[in-house]
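S.K.: Have a look at this one.
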Amino acid sequence: MNVVSRLYLNTLRALALMLALAGACHATPYIPADGRQVVERLPSRANPVQRELQQLRAELSKNPNDVTRATALAQRYIEQARLEGDPRYLGYAQAALAPWWTLPQPNEQVLVLRATLRQGTHQFAEALADLDTVLARDSGNVQARLTRATVQMVTGDYAGARASCMRLYSRAPQLIVQTCLSNIGSVNGDARASFDKLKTALDQHPDATPEVRTWVQTLLAEMAARLGDDANADALFKQAMAGVDPDSYLLGAYSDFLLDRGRAVEVTRLLKDKTRIDALLLRYAIALKALRSDDAAIQADSLRLRFDAAMLRGDTVHQREQARFELALRGDSKTAVRLAMLNWTVQKEPADLRILVETAAASGDAGAARTALDWIAKTRIEDRTIAPTVEKLRAMKAPA
């Protein structure tokens with residue numbers, strides 16, 4: 001994989017992982033009833049990845065202030081968090097950067113990695129500050145520019161994100177630039193053209209690495225689903241699933257697509273061994289409920305304990321998933337819309353808009369309805385998956 005492609009992949013995938021699995025960091029302690037029960041199988045030391053990480057840790061332990069080794073180890077931890085869906089690796093990454101974590105002006109590598117980790121806890125302003133520091137020193141830093149575009153996209157600053165993407169021309173490969181731009185255009189009134197341009201760019205780059213190809217296919221599948229092009233979306237999701245081992249973001253996105261189309265059985269097969277991750281347990285429980293499974297209540301209760309424990313600690317990065325849990329599994333639309341509104345103040349991705357729309361309609365909350373409708377009018381986002389519910393909001397005639 002070329003350097004720029006690797007940086008881009010790490011940037012977007014790490015962010016997707018952190019946002020999708022925020023709740024996974026906050027699970028309540030589990031105490032088995034039987035001391036013989038296997039709680040978790042630790043990675044084998046014979047595993048090549050674990051051997052690599054062990055070697056990097058050993059090298060860093062000899063000189064904990066070696067910034068080159070520390071950043072290399074932190075980067076590998078972030079990559080492994082994406083691959084395994086294990087948020088503990090993100091904590092290991094921060095620990096590797098401990099000597100520089102609180103410094104106002106560490107080197108550029110540390111700043112970009114710190115920004116990547118900070119965005120995972122919704123410290124978006126702090127992440128942008130780190131990235132601005134990097135770009136003030138080196139305006140051509142591709143990873144910082146891409147990370148900045150991603151944070152701006154998530155927080156709804158589409159003009160800023162587009163400007164960041166445009167600054168990548170002549171600095172990044174054409175597929176990377178087009179992905180950056182299409183990702184924004186797809187939620188900002190240019191959905192069909194953004195899909196077509198990105199699909200053409202991918203077709204023109206058969207040499208793209210499997211990792212990059214899978215990520216672009218995932219984005220294209222999500223775009224197609226929002227456009228109501230189910231056949232294309234399904235085909236693209238299947239291509240992405242077949243390309244490399246699917247990460248938790250892809251698993252969650254495909255599960256949502258399947259749930260929307262009444263294919264809950266496929267979701268249970270897909271996620272039955274992935275429930276350690278809260279976001280995937282949520283989708284698994286919703287699928288079980290759709291199938292009227294006796295296990296649905298058990299899985300929902302397990303998820304409730306995890307969310308309750310997080311709330312007791314004051315953690316808020318899981319609010320989107322918790323709002324969906326309250327609405328879909330507990331039927332508490334009032335609590336759900338409150339959480340959806342709190343989440344909306346922080347991030348504004350299509351999934352955040354969707355839960356806001358759905359909870360507003362279910363609860364009859366005029367303020368939430370007005371917030372959602374104003375955003376839809378402002379951005380001109382096209383999303384067939386929420387169109388019927390949006391019409392319900394319009395029928396509510398929320399006061400201006």
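S.K.: Build a GNM of the chain with springs between Cα atoms under 10 Å: which of Lys334, Lys272, Lys289 gets the top mean-square fluctuation?
M.R.: Ranking Lys334, Lys272, Lys289 by mean-square fluctuation puts Lys272 first.
S.K.: Could you order the peptides 348-355, 255-262, 277-284 from most to least packed, using the average number of other C-beta atoms within 10 Å per residue?
M.R.: Sorting 348-355, 255-262, 277-284 by mean packing, highest first, produces 277-284, 348-355, 255-262.
S.K.: To continue, here is another question. Step through the table entries Lys238/Lys272; Lys334/Lys392; Lys238/Lys348, compare each Cα-Cα distance with 20 Å, and write down the pairs that go over it.
M.R.: In this structure, Lys238/Lys348 lie more than 20 Å apart at Cα.
S.K.: If a helix is a whole DSSP H run, which ones in the chain reach 15 Å or further along their own axis (Cα) and hold a mean Kyte-Doolittle hydropathy of at least 1.0?
M.R.: Qualifying helices: 3-20, 278-290.
S.K.: Placing one identical point scatterer on every Cα of segment 141-192 and ignoring solvent, what is log10 I(q)/I(0) from the Debye formula at q = 0.24 Å⁻¹?
M.R.: Here the Debye-derived log intensity ratios amount to -0.83.
S.K.: Let me ask something else about it. Calculate, axis by axis, the spread of Cα positions in the chain along the three principal axes, and write the results as whole Å, longest axis first.
M.R.: Here the spans come out as 62, 58, 40 Å, largest first.
S.K.: So for segment 269-312, taking the charge dipole from beta-carbon charges (+1 Lys/Arg, -1 Asp/Glu), which of Leu280, Ala310, Ala300 sits furthest toward the positive end?
M.R.: With unit charges placed on the Cβ atoms, the residue in question is Leu280.
S.K.: Just to make sure I understand: if all protein chains stay in place, what is the order of Leu227, Leu131 by accessible area at 1.4 Å, largest first?
M.R.: Ranked from most to least accessible, the order is Leu227, Leu131.
S.K.: Right, another one. Over segment 173-241, what percent of the accessible surface lies on carbon and sulfur atoms, probe 1.4 Å?
M.R.: Of all accessible area on segment 173-241, carbon and sulfur atoms account for 50 percent.
S.K.: Calculate the dipole size of segment 341-399 relative to its Cα centre from +1 charges on Lys and Arg beta carbons and -1 charges on Asp and Glu beta carbons; express the result in debye to the nearest 20.
M.R.: Charge dipole of segment 341-399: 200 debye, to the nearest 20.
S.K.: Give me P(r) over segment 123-260, computed from all C-alpha to C-alpha distances, binned every 5 Å, as integer percentages.
M.R.: The distribution over segment 123-260 is 2, 11, 18, 20, 21, 15, 9, 3, 1, 0, given as percents.
S.K.: Shifting gears a bit: Using unit Cβ charges (K, R positive; D, E negative) and no other charged atoms, how large, in debye to the nearest 20, is the dipole of the chain about its Cα centre?
M.R.: The dipole of the chain has a size of about 180 debye.
S.K.: Which three extents, in angstrom, do the Cα atoms of segment 341-399 have along their principal axes, listed largest first?
M.R.: Cα spread of segment 341-399 along its principal axes, largest to smallest: 25, 24, 18 Å.
S.K.: Also, quick follow-up: For the chain, what does -39500 (n - 2.57) per DSSP helix run (n ≥ 4), summed and divided by total residues, give at 222 nm, in deg cm²/dmol to the nearest 500?
M.R.: The per-residue figure over the chain is -22000 deg cm²/dmol.
S.K.: So what's segment 96-183 giving for Cα Rg divided by 2.2 N^0.38 Å, two decimals?
M.R.: Against the compact-globule rule of thumb, the ratio is 1.06.
S.K.: Can I ask one more? When all protein chains stay in place, what accessible area (Å², nearest 10, 1.4 Å probe) is found for His205?
M.R.: Spelled out: His205, probe radius 1.4 Å, area about 40 Å².
S.K.: I would also like to ask the following. As an exercise, identify the chymotrypsin sites (Phe, Trp or Tyr not before Pro) in segment 88-138 lying in DSSP coil whose Cβ has no more than 16 other Cβ atoms within 10 Å.
M.R.: Here no chymotrypsin sites (Phe, Trp or Tyr not before Pro) fit, given the DSSP loop and packing criteria.
The values are calculated or read from the model by the stated rules, or taken from the named source; none is laboratory data. Note that the structure is a prediction, hence the values are computed from the model and not measured. Cβ coordinates were reconstructed from backbone atoms using ideal geometry, including for glycine residues, and neighbour counts include every protein chain displayed. With ligands, DNA and RNA removed, areas are computed over all heavy atoms of the protein, side chains included. Shrake-Rupley method; radii C 1.70, N 1.55, O 1.52, S 1.80 Å.
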